[in-house]
């Protein structure tokens, strides 16, 4: 599977969870908004592990699509 195919499955699962339980699900960390430092942290993790794609998913958003941020590290499409 490609990174994009895996990401698609993760986004689908996040949508189902968010639809079922709503924003601010208490088992999963949620924040008011994703800060630039969160994106930088994820990019650092991707570089250290030689991974190509990461997703920040903020379950605190009213619409899950507004809470998903893709971060790439040399991703070839």
Exercise. To the nearest 10 degrees, how steep is helix 36-49 against the longest Cα principal axis of the chain, on a 0 to 90 scale?
Worked result: 50
Problem set entry | Mean Cβ neighbour count within 10 Å, used as a protection proxy, ranking 3-11, 56-64 highest first | 56-64, 3-11
Problem set entry | Separation in nanometres of the label points that stand 7 Å from Cα toward Cβ, at residue 70 and residue 27 | 2.7
Problem set entry | the range 1-60 and the range 61-77: distance between their alpha carbon centers, rounded to Å | 7
Exercise. Roughly speaking, what is the stretch gain from residue 1 to residue 43, that is 0.36 nm per residue apart minus the C-alpha to C-alpha distance, in nm to one decimal?
Worked result: 13.0 nm
Seminar exercise, completed: Options (1) 1.02; (2) 0.94; (3) 0.98 for Rg/Rh (Cα atoms, Kirkwood Rh); the value derived from the coordinates is listed as (3)
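What does the helix-only formula give at 222 nm for the chain: each DSSP H stretch with n ≥ 4 adding -39500 (n - 2.57), the total divided by the residues, and the result rounded to the nearest 500 deg cm²/dmol?
On the way: 2 runs with 33 residues, N = 77.
Using -39500 (n - 2.57) per qualifying helix, the result is -14500 deg cm²/dmol.
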Exercise. Between residue 8 and residue 51, what length in nm is gained on full extension when 0.36 nm per residue of separation is reduced by their alpha carbon distance?
Worked result: 13.9 nm
For this session: Along Cα→Cβ, 7 Å out, is where each label goes; now give me the distance between the ones at residue 16 and residue 35 in nm to one decimal.
Result: 3.4
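Every number here is computed from the coordinates shown, using simple stated rules; none is lab data. Note that the coordinates shown come from a computational prediction; the quantities given were computed from them, not determined experimentally. No Cβ is skipped: glycine too gets one built from the backbone with ideal geometry, and neighbour counts run over all protein chains shown.
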